Amino acid sequence: MNAYYQKRPEIWAVGGGKGGTGKSFVTSNIATCLAAQGKRTVIIDADFGGANLHTLFGVSKSQKSLADFFAKKASLPELIVDTQIKNLYLIVGPIRYFEPESIKYAQKIKLFNHVKRLRADVIIMDLGSGTHFNIVDTFLLADKKIVVTLPQITALENMFSFLNNGFYRCLHRAFVDNKLGYVFKNAVEEKAGYEIGNLRQFIGLLRKKSDEAGEIIDDELARYMVNIIINQAKTTKDISLGNQVRSLCIKYLGFKANYLGYIEQDDTIPQTINRQQPYLQVYPKSRCATKIEKITTNLLDNKQMRVQ
Ligand SMILES: Nc1ncnc2c1ncn2[C@@H]1O[C@H](COP(=O)(O)OP(=O)(O)OP(=O)(O)O)[C@@H](O)[C@H]1O
Ligand SMILES: [Mg+2]
């Protein structure tokens, strides 16, 4: 598997704002599920500050990493390594000291242009934690955007910041691309004078600027679809949080979100980490494995969890 491919793979990205919500767990297990369905799947460990997916798969850390791609020492296909799972491959993230801020937007675009040409059906990028534009930008470039949150107020807060920054960034870029960057800038300046407390209100202000502004907003709203996973759910209240998150997205951020599904808290999950095998491979019949399979199907079919 060392050549670029003709067919464009789908690119999925997993983010979420807060650290430790289960992004790497979800990435590795959704990927395992896709590979089991015969889909050629490549995981890219894009956690530039704390890459550890190689450990989750028992892949040696002496491998070349994404840092070599950014340093122009290796092409992307050269970085692909096998995992112990058929159809599943990995591009190791920067392991040694690496300054995430050092990657410029143009380098991320370059990375995506190369990622799009990899020989795969699905590419899944694990983004790591944080709500900084540096991480959000990578999220925005993906075809399917997945956020993993815990049913805890701090994780939810960080997730909303992440989604807020994401859509704000999306709109800004779209206005600049349409040569209406000054309209966006004026709205930002104006908003201080109004009682604009959230993104939905800001979108309302921006929309009033012109018909063209409204069209740009509508295009971006149609494109910006985020998929939410509640991880480590313990109660029915935790499970129903996904629906509340959807309502809050519309109310405060002004866009719709999909509730993909939830995964229960399961104490055997941290134990599988030390076995360096994905949970789905160790416990394929468990409750959580069934949930991960359902989430993967929802992603493939562009569906969401049935609203309770
Ligand atoms: N559903 C779950 N039940 C129990 N433990 C879980 C569950 N999901 C993840 N964990 C555990 O939570 C810890 C954090 O998971 P993980 O490393 O995937 O988070 P992360 O979001 O990738 O973290 P980081 O932001 O540091 O990259 C791990 O020890 C993992 O085993
Ligand atoms: Mg992680």
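The values are calculated or read from the model by the stated rules, or taken from the named source; none is laboratory data. Keep in mind that this is a model prediction, so the values were computed, not measured. Cβ: placed from backbone, ideal geometry, glycine included. Neighbour counts: every protein chain shown. Ligands, DNA and RNA are excluded from the accessible area calculation, which covers all protein heavy atoms including side chains. Shrake-Rupley method; radii C 1.70, N 1.55, O 1.52, S 1.80 Å.
Table for the structure above
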item	result
Residue within region 228-238 that is modelled with pLDDT under 95, surrounded by fewer than 20 Cβ atoms within 10 Å (Cβ to Cβ) and away from ligand 2 (no atom under 16 Å from the Cβ) present	no
Condition check for V81: touching a residue at least 12 places away in the same chain (Cβ under 8 Å), in a helix (DSSP H, G or I), closer than 24 Å to F25 by Cβ and more than 15 Å from ligand 2 (Cβ to nearest atom)	no
Exclusive hit being small (G, A, S) and within 9 Å of ligand 2 (Cβ to nearest atom), set G16, G50, G38	G50
Residues of region 264-282 satisfying the condition of being in a loop (DSSP other than H, G, I, E, B) and either open to solvent by less than 80 Å² (accessible area, probe 1.4 Å) or basic (K, R) (or both)	Q265, D266, Q276, Q277, P278
Subset of region 262-308 [under 16 Å from I30 (Cα atoms) and basic (K, R)]	K285, R287, K291, K294, K303
Candidates N302, N298 - the one that is more than 10 Å from ligand 1 (Cβ to nearest atom), farther than 20 Å from I85 by Cβ and assigned to a helix (DSSP H, G or I)	N298
Number of the condition not met by K291 [criteria: (1) touching an Asp or Glu at 6+ places or on another chain (Cβ under 9 Å); (2) in contact (Cβ under 8 Å) with a residue 60 or more places away in the chain; (3) part of a helix (DSSP H, G or I)]	(2)
Any hit, region 139-152, residues being aliphatic (A, V, I, L, M), part of a helix (DSSP H, G or I), modelled with pLDDT under 95 and within 30 Å of I239 (Cα to Cα)	yes
Residue match in region 116-133 (condition: surrounded by fewer than 19 Cβ atoms within 10 Å (Cβ to Cβ), over 20 Å from the mean Cα position of the chain (by Cα), within 26 Å of G20 (Cβ to Cβ) and in contact (Cβ under 8 Å) with a residue 60 or more places away in the chain)	no
Verdict on R169 being free of Cβ contacts under 8 Å to residues at least 60 places away in the same chain and away from ligand 1 (no atom under 16 Å from the Cβ)	yes
Region 18-43 residues that are more than 14 Å from L280 (Cα to Cα) and open to solvent by 10 Å² or more (accessible area, probe 1.4 Å), paired with ones that are aromatic (F, W, Y) and away from ligand 2 (no atom under 11 Å from the Cβ) (beta carbon under 9 Å, 6 or more apart)	K18/F162; R40/Y5; R40/Y89
Residues that are open to solvent by 50 Å² or more (accessible area, probe 1.4 Å) and either within 19 Å of F133 (Cα to Cα) or part of a helix (DSSP H, G or I) (or both), drawn from region 189-209	E189, E190, K191, R200, Q201, R207
Test result for K285, out of contact with any helix residue (DSSP H, G or I) (no Cβ under 7 Å at 6 or more places or on another chain) and either of a type in the set (S, T, Y) or in a helix (DSSP H, G or I) (or both)	no
Candidate set from region 77-112 (those that are at pLDDT 85 or above and among the aromatic types (F, W, Y)); member that is surrounded by the most Cβ atoms within 10 Å (Cβ to Cβ)	Y89
Residue among G16, G58 that is under 16 Å from I146 (Cβ atoms), within 16 Å of ligand 1 (Cβ to nearest atom) and at pLDDT below 90	G16
